[in-house]
Structures are given as structure tokens and as C-alpha cells.
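The values are calculated or read from the model by the stated rules, or taken from the named source; none is laboratory data. Here the structure is a predicted model, which means the values were calculated and not measured. Ideal geometry is used to build each Cβ from the backbone, glycine not excepted, and the neighbour counts take in all protein chains shown.
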Amino acid sequence: MSTQPSKIQPPPETLAVPLRFASHNFAAHCYNTIGCQVIYNGRYQQEDGADQVAPPPPSPKYRKELWDSVEIDIHNFPPPAEVRWKSLDGVQHEAKVDMAAIFKDKLIWHKVPKSDMADFFSGPVAGDPSIFLEVNDHTINVYTKMFIPTRTEQIPGNKDSNFRNDLFLVWTHAY
């Protein structure tokens with residue numbers, strides 16, 4: 001078990017234009033682990049067999065290319081995620097990862113200046129932010145991302161690129 005370490009500071013744009021959330025989406029991913037299990041919101045988000053070895057990440061850009069939320073519209077906040085796994089050296093680990101503590105300010109992390117935010121339905125965001133818990137050998141990382149429509153194309157010349165969906169590391173701990 002471990003205590004909850006300090007989180008990473010959000011980008012300046014997040015603090016300049018504070019957007020808040022009341023519910024979120026969630027997914028858990030395990031790499032380079034043995035028997036990885038993650039329980040969050042009362043259910044297994046990841047449930048590998050006791051001796052099942054999770055492979056390494058499939059590509060260098062796996063987080064941006066492959067990650068999507070599995071469980072949607074989770075009201076803030078269920079009890080901490082319970083994580084149990086063995087690192088590849090065979091050491092057993094257990095941790096409780098408290099999303100309520102990590103996201104105590106309920107801020108949506110983003111890098112969009114207010115002048116570039118486009119209104120979308122009832123405000124500048126589209127839906128709920130996604131939270132990802134990653135277990136990789138001895139380390140647990142928590143990431144977040146949010147689809148935020150923009151007034152300008154993010155890829156010049158691509159009329160379908162008027163949004164940001166940046167992935168941010170918000171918390172990390174090595175065991």
C-alpha cells in the first residue's frame with residue numbers, strides 16, 4: 001500500500017480558464033505486469049488471471065492512438081481505485097488510487113485559451129473528461145483528456161480539426 005502523493009500541476013491555460021466536471025469516464029490499462037486487477041466504481045476495470053502476463057505497450061504512441069474510455073458517466077467520485085498486481089520482477093503490489101484527491105478541484109485539464117474556445121451545446125466542453133489509470137511494471141500513472149471544441153483549425157487546412165483532445169499526466173507513483 002502507499003499514501004497518495006502530490007499530483008502534477010495543470011497547464012496555465014487550465015488555471016486561466018477553469019472548467020469543472022461533475023462526472024467522468026474511466027478506463028484502466030496494464031502493461032508489463034502479472035495478474036493485474038483494477039477495481040473502480042464497484043467493478044473490475046481490468047481483471048487479468050493470477051499468472052497472466054500483460055505485454056509491454058504496443059507502440060510508442062499507444063496512449064494517444066489506442067486509449068478510449070470503457071465506462072462512461074461516472075458521478076464524482078466513487079471510492080478509490082483498488083489496484084493489485086505483480087511487477088515483472090515478481091514483487092506483489094497493492095495500491096489505492098484516490099481520484100477524489102487527485103481531482104479534488106474537479107478541473108478539466110486543457111491547453112485552450114478562452115479566446116479559442118467554441119461554444120458546444122451548453123458550454124465550451126463536449127461531454128465528460130476521460131480518466132485513465134495505467135499500471136506499468138512498478139509505476140501507476142493517472143492521465144486525463146477532454147474534447148474541447150475550438151474556433152480555429154488545429155491542423156491548418158483541415159476543417160475537421162477544430163478541437164483539442166490533449167492527454168495529460170496528472171499523477172504518478174512508483175512502487
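Residue under question is I102, and the condition is that it be farther than 17 Å from L133 by Cβ, touching a Lys or Arg at 6+ places or on another chain (Cβ under 6 Å) and at pLDDT 95 or above; does it hold? Give the steps one after another, and end with the answer.
Working: farther than 17 Å from L133 by Cβ: no; touching a Lys or Arg at 6+ places or on another chain (Cβ under 6 Å): yes; at pLDDT 95 or above: yes.
So I102 fails the test.
Which residue pairs have Cβ atoms closer than 9 Å, lie 6 or more positions apart in sequence or on different chains, and pair a first residue in segment 85-114 that is polar (S, T, N, Q) with a second residue that is in a loop (DSSP other than H, G, I, E, B)?
S87/N32; S87/D137; S87/H138; S87/Y175
Scanning for something modelled with pLDDT under 95 and polar (S, T, N, Q), does segment 113-126 turn up at least one residue? Break it down stepwise before answering.
Going through segment 113-126, the residues modelled with pLDDT under 95 turn out to be 113-126.
Now restrict to residues that are polar (S, T, N, Q): 115, 122.
Yes, segment 113-126 contains a residue that is modelled with pLDDT under 95 and polar (S, T, N, Q).
Of all residues being assigned to a loop (DSSP other than H, G, I, E, B), among the polar types (S, T, N, Q) and touching a strand residue (DSSP E or B) at 6+ places or on another chain (Cβ under 8 Å) in segment 122-175, which is nearest to M99 (Cα to Cα)? Just the residue, please.
Quick first cut of segment 122-175, residues assigned to a loop (DSSP other than H, G, I, E, B) only: 122, 124-129, 137-138, 146-147, 151-162, 165-166, 175.
Checking the rest, the ones that are also among the polar types (S, T, N, Q) come to 122, 152, 154, 158, 161-162, 165.
So of that shortlist, the ones also touching a strand residue (DSSP E or B) at 6+ places or on another chain (Cβ under 8 Å) come out as 154, 162, 165.
On the way: Q154: 30, N162: 30, N165: 20 Å.
Among those residues, the one meeting the criterion is N165.
Quick check on my filter: what residues within segment 23-65 are of a type in the set (F, W, Y) and in a strand (DSSP E or B)? Even if it seems obvious, please write down each step before you answer.
First pass over segment 23-65, keeping only residues of a type in the set (F, W, Y): 26, 31, 40, 44, 62.
Listed by number, the residues that qualify are F26, Y31, Y40, Y44.
Quick check on my filter: what residues within segment 12-67 are more than 22 Å from K86 (Cβ to Cβ), among the aromatic types (F, W, Y) and in contact with a strand residue (DSSP E or B) (Cβ under 6 Å, 6 or more places away or on another chain)?
Passing the criteria: F26, W67.
Looking only at residues in segment 18-40 that are of a type in the set (S, T, N, Q) and under 22 Å from N136 (Cβ atoms), which one is surrounded by the most Cβ atoms within 10 Å (Cβ to Cβ)? Write out each step before concluding.
Within segment 18-40, the first condition is being of a type in the set (S, T, N, Q), and the residues that meet it are 23, 25, 32-33, 37.
With under 22 Å from N136 (Cβ atoms) added as a condition, the list becomes 25, 32-33, 37.
Values: N25: 20, N32: 18, T33: 25, Q37: 20.
Per the criteria, the residue is T33.
Looking at segment 82-91, is at least one residue out of contact with any helix residue (DSSP H, G or I) (no Cβ under 6 Å at 6 or more places or on another chain), β-branched (V, I, T), surrounded by fewer than 17 Cβ atoms within 10 Å (Cβ to Cβ) and farther than 23 Å from V17 by Cβ? Working first, answer last.
In the first step, residues of segment 82-91 are kept if they are out of contact with any helix residue (DSSP H, G or I) (no Cβ under 6 Å at 6 or more places or on another chain); the result is 82-91.
So of that shortlist, the ones also β-branched (V, I, T) come out as 83, 91.
Then keep just the ones that are surrounded by fewer than 17 Cβ atoms within 10 Å (Cβ to Cβ); that gives 91.
Now narrow it down to the ones that are farther than 23 Å from V17 by Cβ: 91.
Within segment 82-91 (the criterion being out of contact with any helix residue (DSSP H, G or I) (no Cβ under 6 Å at 6 or more places or on another chain), β-branched (V, I, T), surrounded by fewer than 17 Cβ atoms within 10 Å (Cβ to Cβ) and farther than 23 Å from V17 by Cβ), the answer is yes, since at least one residue qualifies.
Any idea which residue in segment 60-81 is surrounded by the most Cβ atoms within 10 Å (Cβ to Cβ), counting only those that are touching a Leu at 6+ places or on another chain (Cβ under 9 Å) and under 24 Å from G35 (Cβ atoms)? Full working, then the answer.
Initial filter on segment 60-81 (touching a Leu at 6+ places or on another chain (Cβ under 9 Å)): 63-64, 67, 81.
So of that shortlist, the ones also under 24 Å from G35 (Cβ atoms) come out as 63, 67, 81.
On the way: R63: 17, W67: 16, A81: 22.
Within segment 60-81, the match that is surrounded by the most Cβ atoms within 10 Å (Cβ to Cβ) is A81.
Would you mention how many residues in segment 146-175 are within 14 Å of W67 (Cα to Cα) and without any contact (Cβ under 8 Å) to a residue 24 or more places away in the chain?
Filtering segment 146-175 for residues within 14 Å of W67 (Cα to Cα) gives 146-147, 165-169.
After this cut, where a residue has to be without any contact (Cβ under 8 Å) to a residue 24 or more places away in the chain as well, the list is 147, 165.
The total comes to 2.
Looking only at segment 81-104, how many residues end up being in a strand (DSSP E or B) and small (G, A, S)?
Looking only at segment 81-104, we keep the residues that are in a strand (DSSP E or B), and these are 81-87, 92-97.
Pick out the ones that are also small (G, A, S) and you get 81, 87, 95.
Within segment 81-104, residues that are in a strand (DSSP E or B) and small (G, A, S) number 3.
Just one of (1) among the small types (G, A, S); (2) at pLDDT below 95; (3) assigned to a helix (DSSP H, G or I) trips up S2, so point out which.
Answer for S2: the failing condition is (3).
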